[in-house]
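Colleague: Sharing a structure below in structure tokens format, with a few things to ask.
FYI, it's all coordinate maths here, none of it is from the lab. All values reported here derive from a predicted model rather than from experimental measurement. Backbone-built Cβ (ideal geometry, glycine too); neighbour counts: all protein chains shown.
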Amino acid sequence: MAKENDPFKCLRCIYCFIQFGLLGWQVQVVKEWQWHWENRELPATGAIDQYQARFPGLYARYTETPETRKINALYAIVLICVGLTIIHLPNSIAMLYGCNKSFPNWIFPWFFTSIPLIILCTVYSVLWWSGDIFAEQLTFSVFEFIISLAANVFI
């Protein structure tokens, strides 16, 4: 099969656009969970003392619940994934150009975004899976992980 007749040559670019949509939706969902858990936060002493009144974030690290820490980690991971996806799209286009013109130097930068995307999507899926939240967010994070592997490794 000739290079110009390959039906999978634009699949990685299409994958980037699918990932934009999925990760954008995940940012919104994780942000809603952050707001949900932040409304239930209590000071470590159970009451607001004079230092807490003057410095509202003074006991914030001590009063974080495990759910809040987990949601904050998920939010950081999904923002990093969105940033990597923005960089991954031009790298995928450069890789396609390098494959068509036989420029191996245009292919290598693609690995610097695809490998972290696969690892971070795996961590994101495992974090969703390890919690008590079994909803469509878990389903779509696992789906995103699977298409991440399919588009970046197997094709």
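Colleague: Which of 65, 85 has the fewest other C-beta atoms within 10 Å, and how do the rest follow up to the most?
Modeller: Fewest-to-most ranking of 65, 85: 65, 85.
Colleague: Within 10 Å of each residue's Cβ, count the other Cβ atoms and sort 16, 121, 81 from fewest upward.
Modeller: Listed from fewest to most nearby Cβ atoms, that is 16, 81, 121.
Colleague: By counting other Cβ atoms within 10 Å of each Cβ, how are 70, 101, 31 ranked from fewest to most?
Modeller: Fewest-to-most ranking of 70, 101, 31: 101, 31, 70.
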